[in-house]
Structures are given as structure tokens and as C-alpha cells.
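I have placed the structure first, in the form of C-alpha cells, so that the comments after it can refer back to it.
The values are calculated or read from the model by the stated rules, or taken from the named source; none is laboratory data. What you are looking at is a predicted structure, and each value in this text was computed from that prediction instead of being measured. Note that we place each Cβ from the backbone using ideal geometry, even for glycine, and neighbour counts take in every protein chain shown. With ligands, DNA and RNA removed, areas are computed over all heavy atoms of the protein, side chains included. Shrake-Rupley method; radii C 1.70, N 1.55, O 1.52, S 1.80 Å.
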Amino acid sequence: MKIDIVTIFSDFFHGPMDYGIIRRAREAGLVTIEVHDLRAFAHDKHRTVDDRPFGGGEGMVLKPEPIFECIESLNVLPLEQRCEAKQNVVLLSAQGKRFDQQVAWELAKLERMVLICGRYEGVDERVGEYLADCELSIGDYVLSGGELPALVILDAVARLVPGVVGDEQSVAEDSFSRGLLDFPQFTRPAEIADLRVPDVLLSGNHAEIRRWRKREALTRTLERRPDLLAEASLDEEEEEILRELKRLRPERGAGG
Ligand code: SAH
């Protein structure tokens, strides 16, 4: 997958792209990332990328022309042909559709993803309306720029690109992938002070361990994020465990 990031702070991306899974994905050639400095597409002496809002008011707004010009230089297809070619231009915006693991799986199927990072009071509305395929928000809070959201999306998507995480089963079992939270993990030592790892994990009985993990994943989803269960895709054994858990633990009211 090729990912282009459009930003006025290209240096921002140096650290985060050089570690862990993103670094490995890049080195393996599975993900190619290019960061584009928006100021290179501003043609006045001061390389101006922002201007005052029409209608008055506080702050500055990112101008449309440098962004349109930058996207044009990237040779992405016109809007109406992008979907079929698995290309997507995304504007990061607090007002966009909420990014979650399902959206991450969708984006991981793309061949090309362009992320446009806003700053200041935001981006001229015509960018979202006529240039981008969609606007994405990483949550209901306002950040000062789209760079952190772009990195959040980049990280979540890159680890779903086939081959990036060695064990694909582990990605499929991560929290949210099937609408469940992940089961708890333990490592050595089996005991610290009087804190012991659950016996079943030391038993070597794989069938029992598998069932225990399903039960734990369901229990914590039921306790912490019951809203996820409505959309979860469960196998027969999980359905059965869930019915049992619900019998044992009658529904609590809000605030549980
Ligand atoms: N005035 C705008 C916020 C501008 S914040 C509003 O109220 O909606 C500046 C830039 O930061 C935005 O253009 C966007 O690119 C980015 N940004 C801020 N919060 C974000 C969020 N939750 N998700 C994605 N991008 C966000």
C-alpha cells in the first residue's frame, strides 16, 4: 500500500515512522509512505498556506489551492474513478466519520491512501467537499492538527496490511476485530509476590485454554463494552458461553 501524507509539518513524522511495526512494514516494502510539505505548493515569497476566514472571526484557515495542487501532483485518479482503483483521499477532520477498527479494515484493502492534515481553524470547505473521498475523525475531541490523527490511522491500518504482522491470527483476534475485546495476557514469572497467573494457562491443556480465553474475552466485553456485542460475530461456542454469562450475571442498569 502506498500512503501519502500532506502536511505543513513534515518533520513531525520522523520519529513515529521509524519504530516498530510501521518501520518493519516500510522496510519490507509492504507499505510505502511519503510525506509532502504543503508549503512546497505555495508560490508566494512567504510560502503562505493559510488565510483569514471569509465572514470574519478568529484564526486562520488552510487555503485550498496548495492542497488541490499538491493532490494533483500525486497523480491520484479523479474522484469518481478512485473507489474502483482502490484509492482514497482522506481529510482528517474532527467533523468526519468516526475512525474505528472496521474503518481500519476497509482502508487496509486500499492500494493508495492520501491523508490530508488540517491545522489552525481547519481547512477550506471545498477540500472536503470536492477533493477528498471522505473525512475521518479519530474521536470526539479537537486536536490542533491532523498530524496525530494521520499517525493513528496509519498505525492502525498498516498493521492490517497482509504480511505486516507476522501472525495474522493475532491481528484477527485483537480487540474490536470481531466485536470483542481481547482476552487478558500473562507472561513469566507465573508468580510475583502472591500474584499468580491463572492455573489454566499453565495446564498445557489447549482446548481448555482456548475456552478460558473465549470466556474472558466475552466477560470483559460484557462488563466494559456491552455495546460491542450487538455487532459481534461469535462462533457457536462463544454464543453458548455468552448465554451462560448472561444467566449468571443479570443485566445491570446504566453505569453498572
Ligand atoms: N475548528 C475545527 C477544528 C480545527 S482543528 C472544528 O471545530 O471542527 C485543526 C485540524 O486538526 C483539523 O482541520 C483536522 O485536520 C485536525 N483535527 C482536529 N481534531 C481532530 C479529530 N478529532 N480527528 C481528526 N482530525 C482532527
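Below, the figures for the structure above:
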{"item": "Within the chain: Cβ-based charge dipole about Cα centre, in debye rounded to nearest 20 (Lys, Arg +1; Asp, Glu -1)", "result": "520"}
{"item": "Accessible surface, region 39-128, averaged per residue in Å² (probe 1.4 Å)", "result": "60"}
{"item": "Of 2/45; 214/246; 2/86, pairs whose Cα-Cα distance is over 21 Å", "result": "2/45"}
{"item": "Among 123, 90, 200: highest mean-square fluctuation, GNM of the chain, C-alpha pairs under 10 Å", "result": "200"}
{"item": "Helix-only [θ]222 nm of the chain, DSSP H runs n ≥ 4, -39500 (n - 2.57) each, per residue, nearest 500", "result": "-9000 deg cm²/dmol"}
{"item": "Set of aspartates and glutamates with alpha-carbon distance to residue 109 below 12 Å, sequence-local pairs under 8 removed", "result": "84"}
{"item": "In Å, descending, principal axis extents of the Cα set of region 32-163", "result": "46, 32, 24"}
{"item": "Given 14 as the ceiling on other Cβ atoms within 10 Å, longest exposed-site-free region of the chain for GluC sites (Glu not before Pro) in DSSP loops", "result": "122-230"}
{"item": "Hull volume in cubic angstrom per residue (convex hull over the Cα atoms of region 147-256)", "result": "185"}
{"item": "For the chain, diffusion coefficient by Stokes-Einstein and Kirkwood Rh (Cα), 20 °C, 1.002 mPa s, µm²/s", "result": "101"}
{"item": "Protein accessible area in region 115-256, 1.4 Å probe - carbon and sulfur %", "result": "49"}
{"item": "Relative contact order (percent, whole number), the chain, Cα cutoff 8 Å, 6+ residue spacing", "result": "18"}
{"item": "Degrees between helix 206-224 axis and first principal axis of the chain (Cα, 0 to 90, nearest 10)", "result": "60"}
{"item": "Relative contact order (%) - region 117-177, alpha-carbon pairs under 8 angstrom, separation at least six", "result": "29"}
{"item": "Test item: Cα-centred dipole of region 130-252, Lys/Arg +1 and Asp/Glu -1 on Cβ, debye", "result": "500"}
{"item": "Distance between region 105-182 and region 1-71 - C-alpha centres, whole angstrom", "result": "15"}
{"item": "Dipole in debye (nearest 20) - region 12-145, about Cα centre, beta carbon charges: Lys, Arg +1; Asp, Glu -1", "result": "420"}
{"item": "Sites residue 43 and residue 100 - FRET efficiency at Förster radius 41 Å, r taken between beta-carbons, to 0.05", "result": "0.60"}
